[in-house]
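Below: the structure, in structure tokens.
Every number in this text was worked out from the coordinates using simple rules, so none of it is lab data. Only a predicted model underlies this, so the values are computations on that prediction, with no experimental measurement involved. Cβ coordinates were reconstructed from backbone atoms using ideal geometry, including for glycine residues, and neighbour counts include every protein chain displayed.
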């Protein structure tokens, strides 16, 4: 209760009269205040740790970091003695904002009809007031990739921060990647396919093969369309693929099996796409190839059962095998509305128990995803000039026992007003009946 | 998470034919299930030495030895002498905790929902157990030794449970936990209402469709069970009073459904009640009180934190997810502090998996009770060990590392709650049933594939 009151109090104290200094964070009605987090172990993620230092936040950005940084006059001071500062974590695969309660009709808004919807703008459907946002943020996950599901081309993925009055204020980027699925070929059900999985089954295989052809045909047509100087009639769907076909934005392929991975790489080669793989439970089979081709892989969720045909630790060990081979990896929670995005770091933790270096595990939820998604200059580490998405915690965020105490998004200290904290405080205070 | 919706499979009873048929006869609830293969030969000695031992009952012991004789824990402590001839497992740098007990599982069950009727207390999970599911092996590799294998949540009064130990590799009848009290699954809320299932054309909706109807199913069933119990009591009394020359009284018709419910009322069968919302939980606590029995455990009990005092007063256990929420309307008020609040108010709390996947990392789930609400480390350990043993009525024989108990143990390479820790070894009755050093791992598969020179050319293009 104390914590809740204290932090709500802090938020209310933010002076509204200070003029905004051109911050990109339009989320703030009030100008962002100046904060100083002092006496903290600073974990920049890039570069060495600072045993006891200060982080100064001003105008939404990290203004100073170091052991001998002075606290600016008028700064709101957070004494983080015994605690650590980490960059906000980035979840590389969610449906956040699109699903409130999956089982309720109207509770999810993720899947458009048809196989090809490159023109769909995911931000349109992101509910900035979803209860999931505050809950995700409360564990130090300050940004997520959110995108739609279904079909072969799902549209744009957005990178959104876990605060903001509108989807557009939340967005670091409304279109960080084009999302595609390479259809499963020659396999059984989810998690059972691939080289070691089920057998191709008649009609299903035919349909999958047709889907592969459909994908190629669609992309060829889109490429031809985008090569024309003044196409009439205009086709918004083909046009939406222009940036991806020109290599200006990456294409993220949701895949699981080895054959899907090979298939996605072949599409990328054919159309010269900048490719990111996501899911990719069987990527360990192609670790050297992926490293040589510099294809980043979004791994996870590790909270899935492996196929029956692979060793018991295959899902947990996959990220470590990739990282050791030199593949740049990042994690996704795969949160499809179940509220798991807050557990992003524990996906990485499971991998560190089975071969992933713990430091790389931490980078895989911070700086690696920032770089993969093209925002490595703005997010993912504690460095001067970066957006102040960061949190103060009692210890290693990969350790479940660690408690997150303060969260900043775009330089603003976030109130503890999420649904779970509120219910906790309310019922913890229930008098004995 | 998909499995949480537990869309009831209308499992035919014929599935039972494929599996073992052994079990205590109905009506003899306290009869021990025969135990066949797993007891190690007499005189077998195993010692895990120089380990950090998390007892779950008496704190954590450093540089301690756990001595196992004939499958039971014979000694625990820093000053235990290892007798000659003992098989020694070097525990240096390792953490030993009690084998994890998953208080809500469906592993090993061929089918879990006989959902065609609202009352199916006659069906038994024991009859549909399989010993060969990979889920079992993988749970074992996550340090799990005991499972409460429950019927599904398709109907108000479901089937009888089976408590098992994961004696992987042994015949199916070796799985059953000898002496574990029998139990039964009840269920409330959305799954029973079938609100999250498509209404198939031509299919008659099944009563009940509301929580009110669920209460009525319970009260009606136990009213009939009471009458049935009275008929049998009258019959037994008449037989006892029978004098030479008098006509033998006629016994009442045997009713397998009501037999199980009579056992519930007589305290011989534990009720594990799937429930989410505080209102339905209060309802079932009242029904139980009115018919003179105790609910052994509320399963899921996501809103238990709202009525923790009432649950504690009823002497009822709570077995919850660590932090799942929002997957159904009735899960929208679930909070990760649920376990902590209930524990604070005196409820015996466990964290369960309800999933082959979560069972693999139940130790990580239990740690969330420390994070959210700040329970102590030992209390969080108990939520997957001793407390579960209490809820299942087996705490005298397992659930903690104490002399005389079964040697059900999980050996980790670090603290079970630490991020990079994994299970190295799992023992049941003093026998090693999982050993990572002997397990087939991804690393080994990769080596194997390298030796067989997998073709790595790209072949995905049509």
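Annotations
- Model label zone, residue A:425; criterion: amide N under 20 Å from point 7 Å along Cα-to-beta-carbon; scope region B:286-319: B:305-307
- Modelled spin-label separation between residue B:437 and residue B:286, with each label point placed 7 Å from Cα along the Cα-to-Cβ direction: 6.0 nm.
- Helix-only mean residue ellipticity at 222 nm for chain A, each DSSP H run of n ≥ 4 adding -39500 (n - 2.57), per residue, nearest 500: -8000 deg cm²/dmol
- Modelled this way, with points 7 Å down the Cα-to-C-beta line, the labels at residue A:236 and residue A:394 are 5.1 nm from one another.
- Overall shape: prolate for the protein assembly as shown, with the ratio a/c of the largest to smallest alpha carbon gyration tensor axis at 1.5 or above and a/b above b/c.
- Candidates A:257, A:402, A:38: whichever shows maximal mean-square fluctuation once chain A is modelled as a Gaussian network with Cα springs under 10 Å: A:402
- The mean number of Cβ atoms from other chains found within 10 Å of a Cβ in peptide A:346-352 is 4, as a whole number.
- Counting, for every residue in A:282-290, the Cβ atoms of other protein chains within 10 Å of its Cβ and taking the mean gives 2.
- The peptide list B:272-285, B:327-340, A:215-228, A:67-80, put in order of mean Cβ contacts within 10 Å with the highest first, becomes B:327-340, B:272-285, A:215-228, A:67-80.
- Degrees, to the nearest 10: A:419-428 long Cα axis against longest axis of chain A: 50 degrees
- Oblate is the label for region B:399-455, because a/c, from the alpha-carbon gyration tensor with a ≥ b ≥ c as root eigenvalues, is 1.5 or above and a/b does not exceed b/c.
- Between the helical axis of A:202-227 and the longest alpha-carbon principal axis of chain A there is an angle of about 70 degrees.
- Across region A:25-148, Cα pairs under 8 Å and at least six residues apart give a relative contact order of 24 percent.
- Packing, as the average of other Cβ atoms within 10 Å across residues, places the peptides B:358-367, B:169-178 in the order B:358-367, B:169-178, highest first.
- Peptides B:240-249, B:188-197, ordered by how many other C-beta atoms sit within 10 Å of their residues on average, highest first, read B:188-197, B:240-249.
- Exercise: per-residue mean of other protein chain Cβ atoms within 10 Å, B:302-308: 3
- Gyration tensor (alpha-carbon) shape descriptor, region A:89-377, a/c threshold 1.5: rounded
- Only helices enter this figure: runs of n ≥ 4 DSSP H residues, each worth -39500 (n - 2.57), summed and divided by the residues of chain B, yield -7000 deg cm²/dmol at 222 nm to the nearest 500.
- Between the helical axis of A:2-13 and the longest alpha-carbon principal axis of chain A there is an angle of about 90 degrees.
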